[in-house]
1. What's the number of the only condition in (1) closer than 11 Å to residue 6 by Cα; (2) touching a helix residue (DSSP H, G or I) at 6+ places or on another chain (Cβ under 7 Å) that residue 60 fails to meet?
2. Looking at 41, 60, 49, which one is surrounded by fewer than 18 Cβ atoms within 10 Å (Cβ to Cβ), in contact with a strand residue (DSSP E or B) (Cβ under 9 Å, 6 or more places away or on another chain) and outside any strand (DSSP E or B)?
3. Somewhere in the range 64-73, is a residue surrounded by 17 or more Cβ atoms within 10 Å (Cβ to Cβ) and within 14 Å of residue 89 (Cα to Cα)?
4. Identify all residues within the range 10-33 that are touching a strand residue (DSSP E or B) at 6+ places or on another chain (Cβ under 6 Å) and either without any contact (Cβ under 8 Å) to a residue 12 or more places away in the chain or surrounded by fewer than 18 Cβ atoms within 10 Å (Cβ to Cβ) (or both); write none if there are none.
């Protein structure tokens, strides 16, 4: 895996973080307007689910919701955010 999860980030580093998860058939760009509204006071982070918009697909043939959740948690762990809020759409 060269780039496990790509993302769109806005806002100020160190500000409260809001993670926005897109639904099936979409990508992080679905949250561009929301991220713009969050930017003055928050970090906005919209990851691309594995297999979408440049994110590496999961290694399993039939990934489960748990597989996607595990990949997301690993991505967020790498960002080393002390806390974050979660916003989702559809599967997100």
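What follows draws every value from the coordinates through simple rules; no lab data is involved. What you see is a predicted model, and the numbers here were worked out from it, not measured in a lab. Glycine gets a Cβ as well: all are built from the backbone with ideal geometry, and neighbour counts include every protein chain shown.
1. (1)
2. Working: 60 fails: in contact with a strand residue (DSSP E or B) (Cβ under 9 Å, 6 or more places away or on another chain); 49 fails: surrounded by fewer than 18 Cβ atoms within 10 Å (Cβ to Cβ).
The unique qualifying residue is 41.
3. no
4. Selection gives 15 alone.
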